[in-house]
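What follows draws every value from the coordinates through simple rules; no lab data is involved. What you see is a predicted model, and the numbers here were worked out from it, not measured in a lab. Note that we place each Cβ from the backbone using ideal geometry, even for glycine, and neighbour counts take in every protein chain shown.
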Amino acid sequence: MKKLPLFCLLFSISLVAEDPETVKFRFGPEVGSAFEAATTVTRDVTIAGDKKSDTSVGRIKFFVDKLEDEYRLKATTTETRIERNGQPILSPMLTANIGVELIYEFDKGGKVTNIRGYEGILEKLKKMLPAPFVAQMTPLFNSDGLRKRDTAAWNGRAGDLVGKEVKIGAVETNAEPYHLPTRGQAQSKRETTYAGWVDCGDSRCVRIEYTYTLDEGEEGELTGSGEKIVDPATLRVYSETLEKRFSGELEVPEKGKQPVTIVEKHEYVTKAL
């Protein structure tokens, strides 16, 4: 066997050592496993010195099931609360979803194909409210709309990672809408960095970092940053934090342009059951 010169061997080893590790994301949770997700979202909006603060809290239990080679994720809400300026907002829609099981269905590639079970919320409303009120609310209850909302939320947190293959240290830049309180939305820029490996229990997770700015031409200033810890083998998100701060001027009806500040904070954490 012909031996390589020592400098060639050292050079090849150096290349391997310097090559960033590759991360492959797939949806492969352990069948029969269960975890609980807790979410807290706060949004403080100050317009011309007048501050409004909204806080929403949610808690959902997830159970992993499988039908042949396609996964199903069963989700049951156990808590939903909303407060405005420290005062609870009471609404049957907030409590009607508690205890209702939704079933997320995935294709073989790990993408959401359907979410079932929304009719259970309407059935609970029928038991909570007089028939005339339910009749008025039924046209407003749109399963398709709820399904699109929850699918978008799942994709934003984990689903969009399915099938991605990146190297540690890779950076991506994407456009993302930023919703304003009085004039629709502005376009922001999100920079995503696949920052490195971290331990998360018995798994090896990836830390993903985010920064946010407004696109050129948009009025105002946006700063933001966040971090997500996710297991690339299962797509379970162990934790996610995000904070955005917008400042600028908005056109307010009958008041003209007014200074505005918006501060958003998102916290998401899961634990095994």
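Given their separation in residues at 0.36 nm each and the Cα-Cα distance between them, Lys66 and Arg116 gain 16.5 nm when the chain is fully extended. Cα extents for the chain along the principal axes, largest to smallest and rounded to whole angstrom: 88, 52, 27. With the charge dipole of the chain set up from +1 on Lys and Arg Cβ and -1 on Asp and Glu Cβ about the Cα centre, the Cα lying farthest toward the positive end among the listed residues Leu242, Asn142, Thr76 is that of Thr76.
If one computes the Cα centroid of segment 123-168 and of segment 184-254, what distance in Å separates the two points? After rounding, the separation between the Cα centres reads 22 Å. Stretching the chain fully between Lys167 and Gln87 yields a gain of 24.2 nm (0.36 nm per residue, less the alpha carbon separation). Looking at Val198, Gln185, Ala272, which one has the Cα that reaches farthest to the positive end of the dipole of the chain (charges on Cβ: Lys, Arg +1; Asp, Glu -1)? Farthest along the dipole direction, towards plus: Ala272. Potential lengthening of the chain between Glu254 and Thr241 amounts to 1.0 nm, from the contour at 0.36 nm per residue minus the alpha-carbon distance. Model label points for Gln187 and Glu79, set 7 angstrom from Cα along the Cα-to-Cβ axis, are 4.0 nm apart. Please determine, in degrees from 0 to 90 and to the nearest 10, the orientation of helix 143-157 with respect to the longest principal axis defined by the Cα atoms of the chain, where the helix direction is its Cα long axis. Compared with the principal axis, the helix lies near 40 degrees. Each label was represented as a point 7 Å from its Cα along the Cα-to-Cβ direction; for Glu105 and Glu36 these points are 3.0 nm apart. Between Ala195 and Glu219, the FRET efficiency estimated from the beta carbon spacing at R0 = 25 angstrom works out to 0.20.
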